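Student: Following this message is one structure expressed as structure tokens.
The values are calculated or read from the model by the stated rules, or taken from the named source; none is laboratory data. Here the structure is a predicted model, which means the values were calculated and not measured. For neighbour counting, all protein chains shown are included, and Cβ atoms are generated from backbone atoms with ideal geometry for every residue, glycine included. Heavy atoms of the whole protein, side chains included, go into the accessibility calculation; ligands, DNA and RNA do not. Shrake-Rupley method; radii C 1.70, N 1.55, O 1.52, S 1.80 Å.
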Amino acid sequence: MDILAIIDKKRLGQVLSDKEIKYAFMGYLNGDIKDYQMSSLLMAIVIKGFNFKETLALTDLMLKSGKFLTKKDIKGIRVDKHSTGGVGDKTSMIIGPILASLGLKMGKLSGKGLGFTGGTIDKLDSIPGFKTSLSIKEFIKTLDKVGFAECAQTDEFTPLDKVIYSLRSVTGTVESIPLIASSIMSKKLALGASYILIDLKLGSGALIKTREDANKLSNLMKKIGKAYGVKVIVEITDMNTPLGDNIGNALEVIEAYDILNGKKGNLYELCVNLSAKLYKEAKNVSMKEAKNKVKEVIDNKKALNKFLEFIKSQGGNYNKIKISNNIKEVRSLKSGYIKEIDAKKIGVLSLHLGAGRINKEDNIDYSVGVVLSKHKGDYVKKGDILCQLYQKNDKNYAIEARNAFKIN
Ligand code: URA
């Protein structure tokens, strides 16, 4: 078999066999296929697509490229949740502690930032001491003890997704329905959850921009779940506006704390809703009862304490998180109502501030980002602060920041 023939076949829109997919992807994992060859194949897949059989073959390869957990490894009701990627999306860090404090087990494999969208692993890496690379033994121990554990793809867990994910992030090959589905579903299947909730983000700041594509991705992930006998619940939610106020790694961990401490807004509402959806499925109760339970553990701070316990159990120290003290205020040049805060523009701004990667080997700066001071629908007067930029340098990003706000 030869990689050039496989790339050519996909470039011409033909269907690849299981053997060809295995040859290319496992060859990349073991170093026989080079970055430039895999980038080219990925781009051909982005453009020409993968049918269901090809997508399932890739999911299975990713899943079986490492070890995976089964019912026997984890006691209790196992649930999992994943977002397809957005701007300011720190929901996993909030939902995990909520569900763990309600007695469920949420073990989660996550990824780093992809393109302009942030990744939970980068956010957790901003906590000094926090270990995002866990052995299976450590993972099971934390999950058993705390009820919530979260780590990155490793050489043990979905190593094939790990290498493909980081290549996609820097080669413009993120926005592909079959590649997103196989990446997410392999990570979810590897941890053996009985109920999987996918928060499918739709809008300017998401990887999925149209309702039609959202429905396609939703159906595909459900179909993959069905092939493995796992129930997949999909919620399609808005990502035209950033989620919450803070965008940037350490800033987002701080906002997760604030939400669990009772801060209200679009992020709080979404987290309550998604947590309740999973609780309802897992415990077979009504949505009303599930929401009450979720709100109760936020109000009585059980979920907040669980969040701190989770950080500590993976070696982190919340009190040592650092954010930049070089803060620039961006003020409005006119008065009016905020019609829109463009999530993609804020995501790209945060990337330019240093919170994400442009090249595969880039080091990101955990302490930088954007804090929104106003929300969609707010009235602003000329001179009011729209947002604050946490920077490491003294570059002027005011124009880029103002461009994200549509004021009429
Ligand atoms: N999240 C993932 O884990 N993978 C993708 O491809 C996109 C979002």
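Student: I'm trying to understand the selection: among the residues of segment 112-133, which are in contact with a helix residue (DSSP H, G or I) (Cβ under 7 Å, 6 or more places away or on another chain), away from the ligand (no atom under 13 Å from the Cβ) and open to solvent by less than 20 Å² (accessible area, probe 1.4 Å)?
Tutor: Lys123, Ser126, Ile127, Phe130, Thr132
Student: What is the number of the single condition among (1) closer than 30 Å to Leu134 by Cβ; (2) in contact (Cβ under 8 Å) with a residue 40 or more places away in the chain; (3) of a type outside the set (S, T, N, Q) that Glu54 does not meet?
Tutor: Result: Glu54 fails condition (1) only.
Student: All but one of (1) at pLDDT 95 or above; (2) within 16 Å of the ligand (Cβ to nearest atom) hold for Ala250, so report the exception by its number.
Tutor: In the conditions (1) at pLDDT 95 or above; (2) within 16 Å of the ligand (Cβ to nearest atom), Ala250 misses (2) alone.
Student: Okay, next question. Which condition number in (1) away from the ligand (no atom under 13 Å from the Cβ); (2) buried (at least 24 other Cβ atoms within 10 Å of the Cβ) is the one that Thr210 fails?
Tutor: Just one mismatch for Thr210, condition (2).
Student: Being exposed (fewer than 13 other Cβ atoms within 10 Å of the Cβ), of a type outside the set (Lys, Arg) and modelled with pLDDT of 95 or more narrows it down to one of Glu269, Glu340, so name that one. Before you say what the answer is, go through the steps one by one.
Tutor: Details: Glu340 fails: exposed (fewer than 13 other Cβ atoms within 10 Å of the Cβ).
When all the criteria are applied, what remains is Glu269.
Student: Sticking with this structure for a sec: Listed residues Glu235, Glu281, Glu296, Glu252; which is open to solvent by 70 Å² or more (accessible area, probe 1.4 Å), acidic (Asp, Glu), farther than 28 Å from Lys382 by Cβ and in the same structural domain as Lys112 (by TED's automatic domain parsing)?
Tutor: Values: Glu235 fails: open to solvent by 70 Å² or more (accessible area, probe 1.4 Å); Glu281 fails: open to solvent by 70 Å² or more (accessible area, probe 1.4 Å); Glu252 fails: open to solvent by 70 Å² or more (accessible area, probe 1.4 Å).
Result of the check over Glu235, Glu281, Glu296, Glu252: Glu296.
Student: Within segment 369-396, restricting attention to residues that are in a strand (DSSP E or B) and in contact with an Asp or Glu (Cβ under 7 Å, 6 or more places away or on another chain), which residue is surrounded by the most Cβ atoms within 10 Å (Cβ to Cβ)?
Tutor: Step one: of segment 369-396, the residues in a strand (DSSP E or B) are 369-372, 379-380, 385-391.
Pick out the ones that are also in contact with an Asp or Glu (Cβ under 7 Å, 6 or more places away or on another chain) and you get 371-372, 385, 388.
Details: Val371: 19, Leu372: 24, Ile385: 14, Gln388: 19.
Applying the filter and picking the extreme gives Leu372.
Student: Give the number of residues within segment 165-179 that are within 8 Å of the ligand (Cβ to nearest atom) and within 10 Å of Gly115 (Cα to Cα).
Tutor: 2
Student: Of all helices (runs of 4 or more DSSP H) completely enclosed by segment 16-106, which ones contain at least 3 residues that are more than 15 Å from the ligand (Cβ to nearest atom) and open to solvent by 10 Å² or more (accessible area, probe 1.4 Å)? Break it down stepwise before answering.
Tutor: On the way: elements: 18-29, 35-48, 52-64, 91-101.
Of the helices (runs of 4 or more DSSP H) lying wholly inside segment 16-106, those with at least 3 residues that are more than 15 Å from the ligand (Cβ to nearest atom) and open to solvent by 10 Å² or more (accessible area, probe 1.4 Å) span 18-29, 35-48, 52-64.
Student: Does Ala190 qualify as being over 15 Å from the mean Cα position of the chain (by Cα), in contact (Cβ under 8 Å) with a residue 24 or more places away in the chain and open to solvent by less than 20 Å² (accessible area, probe 1.4 Å)?
Tutor: Numbers: over 15 Å from the mean Cα position of the chain (by Cα): yes; in contact (Cβ under 8 Å) with a residue 24 or more places away in the chain: yes; open to solvent by less than 20 Å² (accessible area, probe 1.4 Å): yes.
In short, yes.
Student: What number of residues within segment 309-324 satisfy the criterion of being open to solvent by 60 Å² or more (accessible area, probe 1.4 Å), of a type outside the set (Asp, Glu) and out of contact with any Leu (no Cβ under 8 Å at 6 or more places or on another chain)?
Tutor: First, pick out the residues of segment 309-324 that are open to solvent by 60 Å² or more (accessible area, probe 1.4 Å): 309, 312, 319-320, 322-323.
From what's left, of a type outside the set (Asp, Glu): 312, 319-320, 322-323.
So of that shortlist, the ones also out of contact with any Leu (no Cβ under 8 Å at 6 or more places or on another chain) come out as 312, 319-320, 322.
The total comes to 4.
Student: Would you mind telling me which numbered condition in (1) outside any loop (DSSP other than H, G, I, E, B); (2) at pLDDT 95 or above; (3) within 16 Å of the ligand (Cβ to nearest atom) Leu109 fails?
Tutor: Every listed condition holds for Leu109 apart from (2).
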